[in-house]
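Read the figures in this text as sums done on the coordinates, not as results from a lab. Quantities reported herein were computed from a predicted structural model and do not represent experimental measurements. Please note: Cβ atoms are built from the backbone with ideal geometry, for glycine as well, and neighbour counts cover all protein chains shown.
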Amino acid sequence: PEDTVTSSFASFIRAARPEHLSPTVRQRSKRMILDSIGVGLVGSTTRVFDIALRYCRELYSSVAVSSVYGKPGVKLSPTLAAFTNGVATHSMDFDDTWHPATHPSGAILPALLAASQMLPPNTKPNGLDFLLAFNVGLEVQGRLMHFSTEAHDIPKRFHPPSVVGTLGSAAATAKLLSLSSAQCCHALGIAASLAGAPMANAATQAKPLHVGNATRLGLEATLLAGRGMEANPLILDDIPGCSGFSAFYSIYQPKPLSAPGEHHEFLLEKQDIAFKRFPAHLGMHWVVDAALSVRNLFINYAGSFSPSLIRTIMLKIPVSKYINRPFPSSEHQARHSFQFNACAALLDGEVGLGSFSESSIHRQELRDLLDKVVVEHPEDNVANFDKMYGEVALLLHSGDVLTGKCDTFYGHWRKPLSKESLLKKFRSNASHVLPEEKIEAIITLVDNLENLSDSSQL
C-alpha cells in the first residue's frame, strides 16, 4: 500500500536530495560529524575498542575451522558457522518447541558445535561436557521464560528464541568454554544487548535469521566476555526505572536460580519437548490432526473425500494474528496458516515437506477449499501451547456436520514421539544430504554422547 507509515519512510529515503538541506541543517550536521569523529578517535585508545577490534580480526580471519550443515568440506569462522547452522535449523520451522513458547535447541546447538571445533586439539570438550553445556543453555532459556506470565502465551511482540535463545546460547557456550562466574555474568549481560527480533517478521524469510542470530550472538557474547568485555551485572534483575532483560516483557518477575544439586530440578526433567512431525508452526499440528480425524469420518460417510459435498469448513482456533492467514501466498506464510494446513490435510490426507512447495500452495483445488473456510475463536481456546486445541468441522450441503478435534497432537510434550518415530524423522531429513552410513554414525554418536572423548567429532 502507498499510504502506510513504512512506505512513507521508504519514499522519503528515495526522494531526498542535497538541495533539500537548509544552511542551518548543513551547519549543525557538520558540527555533529566533526564531534563524532573526534570522539571515535579518542575512543580508539580504550580497552573496549581493543577487545572489539581483536575480536573482529579473529572473526573474519582466514582460519575457518567450523563445519556447516549439509556442506562437506565447507568451513567458516565459529560464529558465522553458528549463524549459518542456526538459520538452517529454523529455515522450515521444523525445529523443536518448548513451553513457554520458544525453539530451544536451534539457539544453542549450532553454537556448541562451532565452539567445539574452535578449541585446540588438547582442550576439546568431551561428550559429557557438551551434553552438560547443552542442558545449561536449555535451563537458562526455560527459567527466563518462567519469569513472565506473558511468555506462556503464543508471542505477540518478540520472537522468543531471539530473546531467551540468545542468552541460552551465551550460557551454554560460557559453560563449554569454562568462563568464570564473573565472565558468565557479563556474557549474559552482553547477550541481552544483542537480543530481540519482532514477531512481524514471522512467516517471512527473515524469521530463520532470528535463530541464526540467537546462536551466533550468544557465542559472540561469550567470546567477548572471555576477552574481558563487561556488561551490567544486574541484567536479569528487575531494577525499577532501568530495564534490563525486563525490557522484553511487560510482566517480569525474576527469581534466583538455585544451585545445581539435590535441591535443583532441571526444567527438562519436569516437561518434555514437542517434536514436529511436519515443517510448520507448532500451532498447525493441532488443526492438522483435527483435519485428518474429520477427513476419516468424511470418507466413511461419503466413500471418498469429495470437496463438492462441503459447504463450509469451520475452524475453531485460538486468537493469534500471525498464524491466522486465510490465503497464504508463499511457503513461509503457508507454514504459518491455520487455514492452509487444515485444507492441505483435508485434501491430501497428510502434510509434509512437499506441502509447502509453490505448486502445492497454488493448486486450484486447495484454493477452492480455502474459500470455504470460516474461523471462530472460542473463549476457552486460548493462545497457549499447553492449553489450546484445534477443531475442524465440515458443514455439508446435505445439512450434516462432521467434526474432528485435537487437544494434544502426536509429538506434543504430553504425547511424545516414540523413539521409532523420532529416528524415522531424523533419517528422512538427513537423507537429503548424507549417505546412509553417515546417518547411522550420527545416530550412534549421539546415542553414546556421554562416552565421546571429543565432542567435535559431531
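Remarks
- A DSSP coil position with no more than 13 other Cβ atoms inside 10 Å describes the following GluC sites (Glu not before Pro) in the stretch 351-398: GLU379.
- When you filter the GluC sites (Glu not before Pro) in the stretch 1-69 for DSSP loop state and at most 12 other Cβ atoms inside 10 Å of their Cβ, you are left with GLU2.
- Segments 438-451, 279-292 sorted - mean Cβ within 10 Å per residue, highest first: 279-292, 438-451
- For the chain, alpha-carbon Rg relative to the globular expectation (2.2 N^0.38 Å, N residues): 1.10
- Once the chain from ALA64 to ASN296 is taken as fully extended at 0.36 nm per residue, the excess over their C-alpha distance is 78.2 nm.
- The stretch 282-406 shape via C-alpha gyration tensor axes, a/c threshold 1.5: oblate
- Each label was represented as a point 7 Å from its Cα along the Cα-to-Cβ direction; for PHE426 and THR24 these points are 6.8 nm apart.
- Cross-linked pairs LYS372/LYS405; LYS207/LYS419; LYS207/LYS405; LYS156/LYS387; LYS207/LYS424: Cα-Cα separations exceed 23 Å for LYS207/LYS419; LYS207/LYS405; LYS207/LYS424.
- Counting only the Cα atoms, the stretch 337-458 fills a convex hull of 169 Å³ per residue.
- In plain terms, the chain from ASN448 to GLN253 could stretch by 66.3 nm, reckoned as 0.36 nm per residue minus the Cα-Cα distance.
- Spin-label model, HIS146/GLU365: points 7 Å from Cα along the beta carbon direction are separated by 4.9 nm.
- Three-way shape call for the stretch 82-178 based on the alpha-carbon gyration tensor, with the a/c threshold at 1.5: prolate
- For ASN122 and LEU309, the FRET efficiency from 1/(1 + (r/R0)^6), where r spans their Cβ atoms and R0 equals 45 Å, is about 0.05.
- Calculated from the alpha-carbon coordinates, the stretch 313-362 shows an Rg and a Dmax of 10.4, 29 Å respectively.
- If you sort the three axes of the alpha carbon gyration tensor as a ≥ b ≥ c, you get a/c of 1.5 or more for the stretch 1-85 and a/b no higher than b/c, which makes it oblate.
- Computed E for LEU41/LYS71 - FRET, C-beta separation, R0 56 angstrom, nearest 0.05: 0.85
- Rounded to 5, percent antiparallel among DSSP beta bridges of the stretch 282-406: 75
- Helix screen, the chain: DSSP H segments with Cα axial length of 24 Å or more and mean Kyte-Doolittle hydropathy at least -0.5 are 23-43, 127-146, 207-226, 284-302.
- Chymotrypsin sites (Phe, Trp or Tyr not before Pro) lying in DSSP loop within the stretch 363-433, provided at most 16 other Cβ fall within 10 Å: TYR410
- Theoretical FRET efficiency, 1/(1+(r/R0)^6), r = Cβ-Cβ of THR403 and ALA441, R0 41 Å, to 0.05: 0.30
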